[in-house]
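Let me begin by presenting the structure, written as structure tokens, before commenting on it.
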Amino acid sequence: MKIITINVNKGGAGKTTVAHNFAEYLAKDSRVLLMDFDDSANLTHRYGEFDKSENTVIGLFETGKVTPVNVTAKEQKSLSLIAGHQEVEVLKERLNTRRRREYIFGKWLAENIEQLEKDYDYMVIDTENDEGILTVNALLVSDVVLGIAEASKDSVTALARLREFVDDINHDFESDIHLYFIGNKINLSEKASNDLLTALNNFDGYLGYLPRRTLLADDVTIFNSDNPKAAETVAQVTEVFDKIKEKLEEA
């Protein structure tokens, strides 16, 4: 089972949209477990409301007992969700008092790895826009971390901070996380988008960009869209996602 975490310490980059679409891209022919570590639970809300702690990250981190929800759609092999929850901020406060708190998620994985590897080929984690305790837990178990940048003046700085953050974790915890980057919401007719792509081309680990399309932000992913105009965007997105999947397999 390969694990990828989507993260950047900046709002508005489209992190949740990428996690949502990438998970459903993988689920076309693989078994995927999608996890929502964000207190906004925006990813979760695209699939419904899940208030029972045993279906959410609250149960996972507080009791170690969690039951993923089957959200598999038509023409998907398998997609399950461990939902986010509005009390994640309170959860983080409680976790900060626990010993070895950075390893809680890793311990849960180790205890359940046999069953997880029977059930899933990939795990996709959507984190908050932060460097907090849940994000550290996610990064420590990840094979790949994917940083997202949209066309704004702070995006390159945020990616540089993410690289430093991952380097620090690899050093402090003796981990081997592989970091890659993509651009998001790119419009080639705009100077800001072209400036971002110029900057990203100088980043080791840059894999490509996703176009700015309203379709990508819909509650239904582009891979399940009935919109007749979706085909071109699906092709563009698939090309980038194929590269991400290749790096994930290599990690």
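No lab work stands behind these numbers, since they all come straight from the coordinates. All values derive from a computational prediction rather than experimental measurement. In this analysis, Cβ positions are derived from the backbone assuming ideal geometry, glycine residues included, and neighbour counts consider all displayed protein chains.
Structural remarks
- Taking all Cα pairs closer than 8 Å and separated by 6 or more residues, the relative contact order of the stretch 1-158 comes to 41 percent.
- Considering only LYS92, LYS28, LYS118, the mean-square fluctuation computed in a Gaussian network model of the chain, springs between alpha carbons under 10 angstrom, is largest for LYS118.
- Order by protection proxy (mean Cβ within 10 Å, highest first), peptides 183-191, 142-150: 142-150, 183-191
- Cut-off under 5 Å, modelled amide H: who pairs with TYR209 long-range: GLY183
- Cross-link partners for LYS10 among the aspartates and glutamates, with Cα-Cα distance under 16 Å and sequence neighbours closer than 8 places in the same chain left out: ASP38, ASP39, ASP126, GLU128, ASP130, GLU131, GLU150, ASP154, GLU164.
- Taking 0.36 nm per residue of separation and subtracting the Cα-Cα distance, full extension of the segment from HIS45 to GLU111 would add 20.9 nm.
- Over 28 Å (Cα to Cα) - which of LYS15/LYS243; LYS28/LYS243; LYS77/LYS153; LYS92/LYS118; LYS92/LYS247 fall in this group: LYS77/LYS153; LYS92/LYS118; LYS92/LYS247
- Protection proxy ranking for 9-19, 234-244, using the average of other Cβ atoms within 10 Å per residue and placing the highest first: 9-19, 234-244.
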